[in-house]
Amino acid sequence: MAAPAAAGAVVSVTPARIADSRTLAAPGGTGGAAWAWGSGWFGALGNGGTTNSSVPVAVAGPNTVTAIAGGGLTGYALRSDGTVWAWGSGGFGQLGNGGTGDSAVPVKVTGLGNVTAIAGAAFTGYALRGDGTVWAWGLGDIGQLGNGGTSDSAVPVPVTGLSNVTAIAAGFNTGYALGTGGVVWAWGYGYHGALGNGATTDSSVPVPVTGLGNVTAIAAGYYTGYALRSDGTVWAWGSGDYGQLGNGGITDSSVPVPVTGLSNVTAIAGGELDCYAITH
């Protein structure tokens, strides 16, 4: 080791990185631990038990989770290797592992890899793969699998006719996808206008949401869909009886309507009967 320099002297040193923030902040990265709290029915907390917890408990499995989603007493986790895992209620095949039993610990969703995003509906799971395709499994009685049928599936099936998808979202029994050109697609439950295509009937294949383009993000509530456009405005469609369309009224709309008074929005999220936005 060199002798200390005299006070006030200027010396040269070889630069060295103390902490690589690029790695620490990298999207996805190696992932982290998953936690759950609330109802433990059917094993929904994923910790091996079926009792409720008013404090967070660790979901069983390796600490490699990069995204997490919830359905109706079913949890979903995306791991850093691109696989999807599910736990909790599985009576309609929503665990995606080929069976219809419940599981209090995560089980691997069959046949999925290279997944980049996940979403959970009431009893249906959705996954977006790196190739831009969307896959669904679980309850399909009103077309929420988007594969042209109304049967349940305990393993993932491809949603019909979608490609180059960049984002997905799920309502109670409705799936949403953001596709090429900022167009939004919807399938499944259509009552209250939840598909946004001007009708109130269900659809077992994706239909385009009317009049929307240049959409950059999507979100969903119980029976309501939301879209953020590149101009910073938010649009909503579907159930509006609690004011969740944000347009000053309490009636449903089967086509998108602008949310009142918002501009420069950068992000949106949907609750059961609410919507949230961040403005810049």
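Only the coordinates and a few stated rules stand behind these numbers; no lab work does. All values reported here derive from a predicted model rather than from experimental measurement. FYI the Cβ positions are ideal-geometry reconstructions off the backbone, even for glycines, and counts take in every protein chain you see.
What's the total number of residues in segment 253-265 that are in contact (Cβ under 8 Å) with a residue 24 or more places away in the chain and either touching a Leu at 6+ places or on another chain (Cβ under 8 Å) or among the small types (Gly, Ala, Ser) (or both)?
So the count comes out to 6.
For TYR226, indicate whether it is in contact with a Ser or Thr (Cβ under 9 Å, 6 or more places away or on another chain), aromatic (Phe, Trp, Tyr) and crowded, with 17+ Cβ neighbours inside 10 Å.
no
Before we move on, is ALA194 of a type in the set (Gly, Ala, Ser) and either surrounded by fewer than 22 Cβ atoms within 10 Å (Cβ to Cβ) or under 23 Å from GLY161 (Cβ atoms) (or both)?
yes
Assess whether ILE278 counts as being of a type in the set (Val, Ile, Thr) and either within 21 Å of the chain's Cα centre (by Cα) or under 21 Å from ALA170 (Cβ atoms) (or both).
yes
Here is a list of conditions, (1) buried (at least 16 other Cβ atoms within 10 Å of the Cβ); (2) without any contact (Cβ under 8 Å) to a residue 12 or more places away in the chain, and GLY243 meets all of them except one; can you say which number that is?
For GLY243, the exception is condition (1).
Inside segment 77-104, can you point out the residues that are among the charged types (D, E, K, R) and more than 19 Å from the chain's Cα centre (by Cα)? Give the steps one after another, and end with the answer.
Step one: list which residues in segment 77-104 are among the charged types (D, E, K, R), which gives 79, 81, 102.
Across segment 77-104, the qualifying residue is only ASP102.
Is one or more of the residues making up segment 112-131 in contact with a strand residue (DSSP E or B) (Cβ under 6 Å, 6 or more places away or on another chain), part of a loop (DSSP other than H, G, I, E, B) and on the phi > 0 side of the Ramachandran plot?
Yes, there is a match, as at least one residue in segment 112-131 is in contact with a strand residue (DSSP E or B) (Cβ under 6 Å, 6 or more places away or on another chain), part of a loop (DSSP other than H, G, I, E, B) and on the phi > 0 side of the Ramachandran plot.
Being surrounded by 19 or more Cβ atoms within 10 Å (Cβ to Cβ), among the hydrophobic types (A, V, I, L, M, F, W, C) and either touching a residue at least 12 places away in the same chain (Cβ under 8 Å) or under 19 Å from LEU273 (Cβ atoms) (or both) is the requirement here; does VAL205 meet it?
Spelling it out, it is not the case that VAL205 is surrounded by 19 or more Cβ atoms within 10 Å (Cβ to Cβ), among the hydrophobic types (A, V, I, L, M, F, W, C) and either touching a residue at least 12 places away in the same chain (Cβ under 8 Å) or under 19 Å from LEU273 (Cβ atoms) (or both).
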